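The block underneath contains the structure these notes are about, expressed in structure tokens.
The values are calculated or read from the model by the stated rules, or taken from the named source; none is laboratory data. Owing to the predicted nature of the structure, the values given are computational and were not obtained by experimental measurement. With ideal geometry, Cβ positions are generated from the backbone for all residues, glycine too; neighbour counts draw on all protein chains shown.
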Amino acid sequence: MSSKSKNRRENEWQSAWLNTDNCNCPDKESHSKDLHKICSICKGIMHKDVRINLNSNLLHHFAWNKDNSKPKANGGTNRKDNLVAMHPWCNQEKIQFSFWKINIIL
Ligand SMILES: [Zn+2]
Ligand SMILES: [Zn+2]
């Protein structure tokens, strides 16, 4: 991968994080460092450092991944303003994560 496309992908992660709603939990220190956001689907907390790829097997309550806010199937684009952060298991389009949801509910 060229460093240019690597930078573009890094920008996409940053944009997804920025486009996502801020957290309201009592941990003010984490908020001052922009470490918490709220999952765009379930409104649960995500931690900035637990960013994972979709092929990761990491199981963590605060894990997050980026996805299109408006699905491409509904006319959404790959533009930065269409990216948001969400839990991997909340991502309806990524059904391979449904087993995580089961683990967490149990
Ligand atoms: Zn918080
Ligand atoms: Zn969620």
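Residues in segment 30-60 that are surrounded by 12 or more Cβ atoms within 10 Å (Cβ to Cβ), over 12 Å from the mean Cα position of the chain (by Cα) and within 13 Å of ligand 1 (Cβ to nearest atom): S30, H31, D34, L35. Examine segment 16-31 for a residue that is touching a residue at least 12 places away in the same chain (Cβ under 8 Å), assigned to a loop (DSSP other than H, G, I, E, B) and at positive phi, and state whether such a residue exists. Looking for residues that are touching a residue at least 12 places away in the same chain (Cβ under 8 Å), assigned to a loop (DSSP other than H, G, I, E, B) and at positive phi, one finds none in segment 16-31, hence no.
Exactly one residue out of N7, N65, N11, N22 is exposed (fewer than 12 other Cβ atoms within 10 Å of the Cβ) and either within 9 Å of the chain's Cα centre (by Cα) or closer than 15 Å to K80 by Cα (or both), and it is N7.
On the basis of being polar (S, T, N, Q), touching a residue at least 12 places away in the same chain (Cβ under 8 Å) and assigned to a strand (DSSP E or B), does N65 make the cut? Yes; evaluated as a whole, the condition is true for this residue. Summed over segment 17-54, the residues that are out of contact with any His (no Cβ under 6 Å at 6 or more places or on another chain), more than 14 Å from ligand 2 (Cβ to nearest atom) and of a type in the set (G, A, S) give a count of 1.
Take N57 and decide whether it is at pLDDT below 80 and either on the phi < 0 side of the Ramachandran plot or away from ligand 2 (no atom under 15 Å from the Cβ) (or both). Yes, satisfied. The single condition among (1) free of Cβ contacts under 8 Å to residues at least 60 places away in the same chain; (2) surrounded by 15 or more Cβ atoms within 10 Å (Cβ to Cβ); (3) hydroxyl-bearing (S, T, Y) that T77 does not meet is (2).
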